[in-house]
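Q: Dumping the structure here so I can ask a few things about it.
The values are calculated or read from the model by the stated rules, or taken from the named source; none is laboratory data. Because the structure is predicted, anything quoted here is derived from the model rather than measured. Here the Cβ is made from the backbone with ideal geometry for all residues, glycine too, and neighbour counts use every protein chain on show. Protein only, heavy atoms only, side chains kept; ligands, DNA and RNA dropped before computing areas. Shrake-Rupley method; radii C 1.70, N 1.55, O 1.52, S 1.80 Å.
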Amino acid sequence: MAHLQYLVFNNEKIPMPASYLVELSDVEADSSGVTEAGTTQRDVVREGVVQIRVTFRVSSKWLGRFFVYKKLACITVEYLDMETMSPVTTQMYMDGYQVKLVHDTSYGSLWEVSFTLKEF
């Protein structure tokens, strides 16, 4: 049985993430907030803006590939929608890029790479 493909960047299949968290948020207009009466007023101008927090454990090769994607202003991302379990394509950018050395051997290194993909 084949595993699910969670992420594709610019038509390149990305390795299986160690963690994968999809968050949906709303964008509110400046007119949103608390009224003089103390009630909350929401003027939502956009619903369901996607943020995906991921962590990978990868070789030096994939560490280099992720660094190339980090430099791009825009990435076409195909991600697995957890509600429908089907792929969705959107434009995103990478934020909060972190790298940690997990293990180093004479054969190569294992790296932990974490970042957040944010939808435009």
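Q: Among all stretches of the chain without exposed GluC sites (Glu not before Pro) (DSSP loop, at most 10 other Cβ atoms within 10 Å), which one is longest?
A: Within the chain, the longest run free of exposed GluC sites (Glu not before Pro) spans 37-82.
Q: With a 1.4 Å probe and all protein chains left in place, how much of the accessible area of the chain comes from carbon and sulfur atoms, in whole percent?
A: 51 percent
Q: Starting from the exponent 0.38 and prefactor 2.2 Å, build the expected Rg for the chain from its residue count and divide its actual Cα Rg by it.
A: So the Cα radius of gyration is 1.32 times the expected 2.2 N^0.38 Å.
Q: Could you do me a favour and compute the accessible area per residue for the chain, 1.4 Å probe, result in Å²?
A: So the chain comes to 65 Å² accessible per residue, rounded to a whole number.
Q: Roughly how big is the chain's charge dipole about its Cα centre, with Cβ charges of +1 (Lys, Arg) and -1 (Asp, Glu), in debye to the nearest 20?
A: In total the dipole reaches around 800 debye.
Q: Here's another thing I want to ask about it. Please name which of Gly108, Trp62, Met82 has its Cα lying farthest along the dipole of segment 50-120 towards the positive end, using unit charges on Cβ (Lys, Arg +1; Asp, Glu -1) and the Cα centre as origin.
A: So the residue furthest toward the plus end is Gly108.
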